[in-house]
Amino acid sequence: MSHDGDGVGRYSGLVVFVPMTAVGDVIEAKIVKMLKNRAYAIIARIITPSPHRAQNDCPVFSRCGGCSLRHIEYHHELSVKSGWVVENIKRIGGVKDFTLEPPLFSPLVSRYRNKAQYPVRRVDGKIRAGFFRGRSHGLVPVDDCLLQPEFFGDITAEVIRFAEEYSIEPYDEATGAGILRHIFIRHAEASNETMVCLVVNKGGLPHKEELAAALHSRCRTVKTVLVNENADNTNVIFGKNTRVVSGSGYITDKLAGVRVRLSVRSFYQVNRAAAEILYEASLLYASPQKTDVLLDLYCGAGTIGLSMAHAVKEVIGVELVADAVRDAEATARLNGIQNARFIHADAALEADALTQKGVRPDIVIVDPPRKGLQENLPASIAQLAPHKLVYISCNPATLARDIERLCSLGFKLIKARAVDLFPRTAHVEAIALLQLDLPCVK
């Protein structure tokens, strides 16, 4: 299977990518796109189904493009994802003789997401919420997504009812007209609190107080309702201005023993139960001592570093997004954590600055975005000379690329494993432990 979740078959030597197929399927396929060295196809007929196939339990997954692995059994999905990680480490990372530790599975395979963003559009003359079809902005209406809590559907239904009652026109990308763009929902499992934010075009949202009252009445977990204004012609969901309509504007959850205050733009793991497993694995890989200084680069809202604060002398978090730094500082105060400080800065620049200041962290943790570490950051980390580097990745390809860079600077890959935070999708988290064999010299 490809890293997009497509089945990879061959016909007379030609490589053919076919969505919704499984290893072991024998199929008749219809070619829909032909390139010089490969083709793309759709299933015309399944002649012999794979033993790894699972029964389809979602009416829209083949159209919305989100659950590209929902058609295979979960234990096989874990095997496929673990294979992606080790294949990248060997092929891109250049670590040829390497065996992953067993993958860590998600406690929940369905209904695990605590956040959803639903675009709102007119479809066949009706106001509908749903998801964009893969590689397009055509809306697939969805009343109940099996990755989201069931009550998210009640919230979207109430918003649609409100829009129809008050003639709130949905946004039209082609013309830029309309008001309602997205419905954003975030739920905190520990406190059972839910946040709803309506993203609207310029001019605000009429009758927003009536909507907030209706949402509080229909879904008792709704604690705060907000309106965000985004008048730009962009794929970015949120604009700069957010106003609180009801409640405090935030909700509170608990992750790995840390109480976390969540605002509408806070970065937060969407699968809380699996994230706790990831954080536990990170702690085991780091194996900190009470005398250690831990440097958390790309720290976001600081939850990883703060979850380890009890086990180290000091946590230093570095994050480029100012809102995330404020969230991290607020979370530290909320938990009475006094041995953590957060720096609003670029990770690579701050790593160099810390070196010049003589800061020598014992442990460095990195959790970069999908594009991986900045080009000069591996060398900066090597200059810091930590005893251990724990790399948390949401992209096995860039993880492997950075492992190759780090190994060329004297690091050695000790162990790694896949951690499934995104069941039924083609996304997988991975964690790796590296140690510095030799000091790096500029």
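Would you pick out the residues in the range 262-288 that are open to solvent by 20 Å² or more (accessible area, probe 1.4 Å) and either closer than 23 Å to residue 343 by Cα or among the aromatic types (Phe, Trp, Tyr) (or both)?
Looking only at the range 262-288, we keep the residues that are open to solvent by 20 Å² or more (accessible area, probe 1.4 Å), and these are 263, 265, 267, 272-273, 276-277, 280, 283-284, 287-288.
Scanning the range 262-288 gives 263, 265, 267, 283, 288.
Consider residue 312 carefully, then state whether it is in contact (Cβ under 8 Å) with a residue 40 or more places away in the chain and surrounded by 21 or more Cβ atoms within 10 Å (Cβ to Cβ). Show your work before the answer.
Details: in contact (Cβ under 8 Å) with a residue 40 or more places away in the chain: yes; surrounded by 21 or more Cβ atoms within 10 Å (Cβ to Cβ): yes.
Answer is yes for this residue.
Please go through (1) under 24 Å from the mean Cα position of the chain (by Cα); (2) open to solvent by 20 Å² or more (accessible area, probe 1.4 Å); (3) without any contact (Cβ under 8 Å) to a residue 24 or more places away in the chain; (4) under 20 Å from residue 181 (Cβ atoms) for residue 144 and return the number of the only condition it doesn't satisfy.
Unmet condition: (4).
List the residue pairs whose Cβ atoms are under 6 Å apart, where the first residue sits in the range 211-225 and is over 8 Å from residue 247 (Cβ atoms), the second is among the aromatic types (Phe, Trp, Tyr), and the two are 6 or more positions apart or on different chains.
211/162; 219/151
In this structure, does residue 134 turn out to be surrounded by fewer than 18 Cβ atoms within 10 Å (Cβ to Cβ) and either more than 24 Å from the chain's Cα centre (by Cα) or closer than 30 Å to residue 415 by Cα (or both)? Before you say what the answer is, go through the steps one by one.
On the way: surrounded by fewer than 18 Cβ atoms within 10 Å (Cβ to Cβ): yes; either more than 24 Å from the chain's Cα centre (by Cα) or closer than 30 Å to residue 415 by Cα (or both): no.
In short, no.
Out of all the residues in the range 100-141, which are in a loop (DSSP other than H, G, I, E, B), farther than 24 Å from residue 267 by Cβ and either free of Cβ contacts under 8 Å to residues at least 12 places away in the same chain or of a type in the set (Val, Ile, Thr) (or both)?
124, 125, 136, 138
Quick check: is even one residue across the range 317-329 β-branched (Val, Ile, Thr), in contact with a strand residue (DSSP E or B) (Cβ under 7 Å, 6 or more places away or on another chain) and over 30 Å from residue 87 (Cβ atoms)? Don't jump to the end; show me each part of the working.
Just the residues of the range 317-329 that are β-branched (Val, Ile, Thr), to begin with: 318, 321, 325.
Of the ones still in play, those that are also in contact with a strand residue (DSSP E or B) (Cβ under 7 Å, 6 or more places away or on another chain) are 318, 325.
Those left that are additionally over 30 Å from residue 87 (Cβ atoms): 318, 325.
Scanning the range 317-329 turns up at least one residue that is β-branched (Val, Ile, Thr), in contact with a strand residue (DSSP E or B) (Cβ under 7 Å, 6 or more places away or on another chain) and over 30 Å from residue 87 (Cβ atoms).
Output the residue which, of all residues in the range 49-99 that are buried (at least 22 other Cβ atoms within 10 Å of the Cβ), charged (D, E, K, R) and part of a helix (DSSP H, G or I), is farthest from the chain's Cα centre (by Cα).
In this case the residue turns out to be 77.
The values are calculated or read from the model by the stated rules, or taken from the named source; none is laboratory data. All figures in this text were calculated on a predicted structure; none of them were measured in a lab. Glycine gets a Cβ as well: all are built from the backbone with ideal geometry, and neighbour counts include every protein chain shown. Accessible surface is based on the protein model in full, side chains and every heavy atom, while ligands, DNA and RNA are left aside. Shrake-Rupley method; radii C 1.70, N 1.55, O 1.52, S 1.80 Å.
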